[in-house]
Amino acid sequence: MEKITRCDCHLHTDNSFDSETPAERVVQRARELGIEYIAITDHCDILEWSDVNIARSNAQAAELNEKYHDITVLRGIELGEPLQAPEQTAIALGLCEYDFILCSLHNIAGEEDFYFLHPHAQQAQELIRRYFDELLETVKWNEFDSLAHFTYPLRYITDRDGVQVDMECYQPIMKEILATLAANGKALEINTSGLRSPGGFLLPTVEYVRQFRELGGKYITLGSDAHLPEHMAIGMKEGIAAAKEAGFNAATVYLNRQPVEIPFE
Ligand SMILES: [Zn+2]
Ligand SMILES: [Zn+2]
């Protein structure tokens, strides 16, 4: 089988509330696909997280990494909304040793996950504005390795619900977010989950990956955000093509919180 990707650094197991896939099944699927590095990044949405699940996820990743010698299984976490409960964030970050902290924002403060929202056009503009405002504060906070699914609200607002959004007005703040990330030496994730739906797109699209590069961004991570084994690595071809088009010649994985570049083949 042709190898799709050497790494996939955004994967969920049954230690996430929205997945039923045992961690070992995730690893087996990755080995079937010839993937060399995976990061298990179970949800740690900071207003609603389980220390038991995070500790279990971390321990399972470490065990599986010991068990299989043809793949590196990294101990990750998808840390959601870290600024909404700073004390909880400190507890979560201190709970385990992690290889990789993937930072995300699924819901802005005081609102539900964008998954549950169905705003009309005007509301959507305001919600997206607040998303970028909170995201800018989050990248300034900087206690993570890679920023997950930049432009996440668009997955639901435009892709799922077909609401048209004027992105032009957000260009300055989007640029500021990417510039901050680049200046801090952090990675931007290319999240391919959008490509599982017809008409879907990468999060973020190639223009923002390119802008990140132009602003001095050094690292990108690749994530299929699979919650099911059969979704693993879907869209990676397109994700890698976008990275190359933007000027990157490697994806990055994180080992003990340190970037390791994995050149594209
Ligand atoms: Zn996420
Ligand atoms: Zn995820």
Can you tell me what share of the DSSP beta bridges in segment 7-263 is antiparallel? A percent to the nearest 5 is fine.
20 percent
Inter-part gap, Cα centre of segment 67-123 to Cα centre of segment 201-265, in whole angstrom, is 18 Å
Once the other residues with Cβ under 12 Å from the Cβ of Ala23 are scored (Lys, Arg +1; Asp, Glu -1), what is the net sum?
0
With springs only between Cα atoms under 10 Å apart, run a GNM on the chain and tell me which of Asp145, Asp113, Asp14 wobbles the most.
Asp113
Calculate the FRET efficiency for Ala121 and Arg196 from the Cβ-Cβ distance with a Förster distance of 25 Å, rounded to the nearest 0.05.
0.50
Compute the normalised compactness of the chain: alpha-carbon radius of gyration over 2.2 N^0.38 Å, N being the residue count.
0.93
Proxy exposure order for Trp141, Trp49 (fewest C-beta within 10 Å first) is Trp141, Trp49
With no solvent and one point per C-alpha, what does the Debye sum give as log10 I(q)/I(0) for segment 155-222 at q = 0.13, 0.16 Å⁻¹?
-0.40, -0.60
Starting from the Cα-Cα distance between Glu87 and Gln171, subtract it from 0.36 nm times their residue separation and give me the gain in nm to one decimal.
27.0 nm
When only alpha-carbon atoms are used, what values of Rg and Dmax, in angstrom, describe segment 12-89?
13.0, 40
Which of the listed residues, Ala85, Met236, Pro119, is farthest toward the dipole's positive end in the chain, when Lys, Arg count +1 and Asp, Glu count -1 at the beta-carbon?
Met236
Mind checking which lysines have their Cα closer than 19 Å to the Cα of Lys244? Skip sequence neighbours fewer than 8 apart in that chain.
Lys3, Lys186, Lys218
Under 16 Å between alpha carbons, and skipping anything fewer than 8 positions from Lys67 in its own chain: which aspartates and glutamates qualify?
Glu24, Glu32, Glu36
GNM flexibility winner over the chain from His69, His231, His43 (Cα, springs under 10 Å):
His69
For segment 38-81, state which GluC sites (Glu not before Pro) are in a DSSP loop and have at most 13 other beta carbons lying within 10 Å of their beta carbon.
Glu48
5 Å is the cut-off here: which amide hydrogens, built 1.01 Å from N in the peptide plane, fall below it relative to Asp45, excluding neighbours closer than 5 in sequence?
Gly80
What are the aspartates and glutamates whose alpha-carbon lies under 14 Å from the alpha-carbon of Lys140, with same-chain residues fewer than 8 places away excluded?
Glu81, Glu176
Where does each of Thr192, Thr151 land when they are ranked from fewest to most other beta-carbon atoms within 10 angstrom?
Thr151, Thr192
Loop sites in segment 42-140: trypsin sites (Lys or Arg not before Pro), DSSP, at most 13 other Cβ within 10 Å
none
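Bear in mind these aren't lab numbers, they're just calculated from the coordinates by the rules spelled out. Fair warning: this is a prediction, and the values are worked out from it, not measured in the lab. Note: ideal-geometry Cβ built from the backbone for every residue, glycine included; neighbour counts use all protein chains shown.
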